[in-house]
1. For the chain, what does the equivalent ellipsoid look like in terms of its semi-axes, each the square root of 5 times an eigenvalue of the Cα gyration tensor, given largest first in whole Å?
2. Okay, helix-only estimate at 222 nm for the chain: each DSSP H run of n ≥ 4 adds -39500 (n - 2.57), divide by all residues, round to 500 deg cm²/dmol; what do you get?
3. Between Leu161, Leu96, Leu61, which gets the highest mean-square fluctuation from a Gaussian network model of the chain, Cα cutoff 10 Å?
4. Students often forget the sequence filter, so: which lysines lie under 20 Å Cα-Cα from Lys111 once same-chain residues fewer than 8 apart are removed?
5. If we count every other residue with Cβ under 13 angstrom of Ser95's Cβ, Lys/Arg +1 and Asp/Glu -1, where does the sum land?
6. Given Val22, Gly117, Tyr127, which one lies farthest toward the positive end of the charge dipole of the stretch 1-149, if we put +1 on the Cβ of every Lys and Arg and -1 on the Cβ of every Asp and Glu?
7. Using a cut-off of under 17 Å, list every residue of the stretch 126-158 whose amide N is near the label point 7 Å from the Cα of Lys113 along the Cα-to-beta-carbon line.
8. Calculate, for Arg45 and Ser95, the FRET efficiency according to 1/(1 + (r/R0)^6) with r their C-beta to C-beta distance and R0 30 Å; round to the nearest 0.05.
Amino acid sequence: APGPPGRRSAARAAEPGLPPVVDRVPTRDKVVFLTFDDGAEKDPRFVDMVRELRLPVSVFLTDSVVGPGYAHFGRLRAVGASVQNHTLDHPYLPSLPYAGQRAEICGQQEKIKQRFGIRPTLFRPPYGAYDDDTLRAAAACGVAAIVLWREAGPLRPGDILHCPEGRGGASLTRATTDLLKRVQRAGFTVARLEDYL
Ligand SMILES: [Zn+2]
């Protein structure tokens, strides 16, 4: 992975006081970002892969999906992964009132704080679905940015990629290897999202 950029890119919020919503980071560096969701798959080989390749990854965790499996993500953190917020229960947030959205987001901030001693700065809404209440709730919970992702297409500098979990029976490690090959073929490297946001 390349080192952190000299200056942080300016991801702008639509309104002052609300977190920006990003699916791409404004940068000219030929970098992309790897993100993973939910926390269903807990393959030890993935921890080995992140360690051996020094692969910067951001993992957005849903409490009810991780279940009793937080130790796996502690091992991932220990080898350099960052752990971020993906709600307590993975609801479609726009169907919830403000208070319910806030409970989902702040609740997972607290769970991760309890487990790992750090409060996430990034939040990914389930299904990429959000509304104005989501932005206000995320701000109230201390979230610095709402992170979506770019769908398939030619890679562009700063794209935030979403790694499919075990789609078609392939393991997460295999799916990540395939994605890395695509990234390398296009002449890009993987950078740490938190260095750019
Ligand atoms: Zn999800």
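1. Its equivalent ellipsoid spans semi-axes of 25, 21, 15 Å.
2. Details: 7 runs with 69 residues, N = 197.
Rounded to the nearest 500, the figure is -10000 deg cm²/dmol.
3. Leu96
4. Reachable lysines: Lys42.
5. Residues near Ser95 contribute -4 overall.
6. Gly117
7. Under 17 Å, as judged by backbone N against the label point of Lys113, lie 137-145 of the stretch 126-158.
8. 0.25
The values are calculated or read from the model by the stated rules, or taken from the named source; none is laboratory data. Model, not experiment: these values are computed from the prediction. Don't worry about glycine lacking a Cβ; one is built from the backbone with ideal geometry, like all the others, and counts go over all protein chains shown. Ligands, DNA and RNA are excluded from the accessible area calculation, which covers all protein heavy atoms including side chains. Shrake-Rupley method; radii C 1.70, N 1.55, O 1.52, S 1.80 Å.
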